[in-house]
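The values are calculated or read from the model by the stated rules, or taken from the named source; none is laboratory data. Just so we're clear, the structure is a prediction, and the values are computed from it rather than from any experiment. Positions of Cβ are generated from backbone atoms using ideal geometry, with glycine treated the same way; all protein chains shown enter the neighbour counts. Protein only, heavy atoms only, side chains kept; ligands, DNA and RNA dropped before computing areas. Shrake-Rupley method; radii C 1.70, N 1.55, O 1.52, S 1.80 Å.
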Amino acid sequence: MVTLLQVKSDENSGVTVIIPTFRSENVIIRALNSVLIQTSQPSEIIVVDDASDDQTVNIVREFAKSCPKLQLLVNTKNEGPGRSRNTAWQLAKTEFIAFLDADDTWQPEKLQIQLEWFKNNQDAVICGTKHKIVNEPATRDTDEPVSTFDVKDLLRRNRFTTPSAMLRRNIPVRFDNKLRLAEDYLLWMEIAATYGSVNRINQALTILHKPIFGASGLSSKMFPMYIGELKAINALASKGHISRTRFFNSACWSTLKLIRRTPTSILRNLRWRFKSV
């Protein structure tokens, strides 16, 4: 259940930005400002608060007074990020939607570059970008301007983060409402299975303000994330997108990744906790 607090929109670029929030009072303005400085402005911004018990709702409501394209939805109970994004997705009116998490930001040209890419790739349904972690150099693993990944590539690892993704609004697949972790990973794999591939612009247009795993928040929950990944792969198999043999092999690979990442996760947790003291 959600309560609609404000609904206004002016259309120009044809993009709806969707931002789920939960206890985001210290970071949500930073995320919203990174949207408002985009060189190609979105038509609407939909913030879905997931029953926060801090000042997030009041902060966003106050911000909306000077931002008429912003809608604020408030969940009456905590639903999880996937369901919150789906709620906003259902209300979006534009050709494209772009996801941003409340604790992350975008480079100013992010939406413009993705929109230009879609103009030149009319058959594509989704496009992510590379990311960088704030105060750390961007990683480089390819010289190609754009990478294309199929389901097999994604089963090896997730190829882009949720805050980097832009996709066509009218595709039928959605985030799995039952998953609270790896729901984005499952969606990318379903899209790749349905449409043949997903794409990534190899520019660091998305800025993460903490590492993907091992720092704080959801990303620090290594074992729950591992279980979420297994559930995502199992859901992919249950829907007939991959065989049970491939599920088993992918589950073993996920287990090996967990073992490899655990020491790094512990060190990152300690470092980020020390920095916050």
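Suppose we filter Arg83, Arg61 for residues that are open to solvent by 60 Å² or more (accessible area, probe 1.4 Å) and under 30 Å from Phe247 (Cα atoms); which single one remains? Write out each step before concluding.
Details: Arg61 fails: under 30 Å from Phe247 (Cα atoms).
Just one listed residue meets the conditions, Arg83.
Go through segment 39-58 and give me each residue that's of a type outside the set (Asp, Glu), open to solvent by 10 Å² or more (accessible area, probe 1.4 Å) and in contact (Cβ under 8 Å) with a residue 12 or more places away in the chain.
The initial filter retains those residues of segment 39-58 that are of a type outside the set (Asp, Glu), namely 39-43, 45-48, 51-52, 55-58.
Adding the requirement that they be open to solvent by 10 Å² or more (accessible area, probe 1.4 Å) leaves 39-41, 51-52, 55, 57-58.
Hits for segment 39-58 are Thr39, Ser40, Gln41, Ala51, Ser52, Gln55, Val57.
Out of curiosity, is Leu91 modelled with pLDDT of 95 or more, among the aliphatic types (A, V, I, L, M) and more than 17 Å from the chain's Cα centre (by Cα)? Before you say what the answer is, go through the steps one by one.
Working: modelled with pLDDT of 95 or more: yes; among the aliphatic types (A, V, I, L, M): yes; more than 17 Å from the chain's Cα centre (by Cα): yes.
Yes.
Looking at (1) over 12 Å from the mean Cα position of the chain (by Cα); (2) assigned to a strand (DSSP E or B), find the lone condition where Glu116 falls short.
Glu116 satisfies every listed condition except (2).
Residues checked against (1) modelled with pLDDT of 95 or more; (2) closer than 14 Å to Thr87 by Cβ:
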| site | (1), (2) |
| --- | --- |
| Thr3 | no, yes |
| Val7 | no, yes |
| Glu11 | no, no |
| Val15 | yes, no |
| Asn33 | yes, no |
| Val47 | yes, yes |
| Asp50 | yes, yes |
| Gln55 | yes, no |
| Val60 | yes, no |
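Where in segment 145-253 are there strands (runs of 3 or more DSSP E), lying wholly inside it, with at least 3 residues that are closer than 20 Å to Asp103 by Cα and either open to solvent by 30 Å² or more (accessible area, probe 1.4 Å) or at pLDDT 95 or above (or both)? Quick ask: steps written out before the conclusion?
Numbers: elements: 146-149, 166-168, 198-208.
Result: 198-208.
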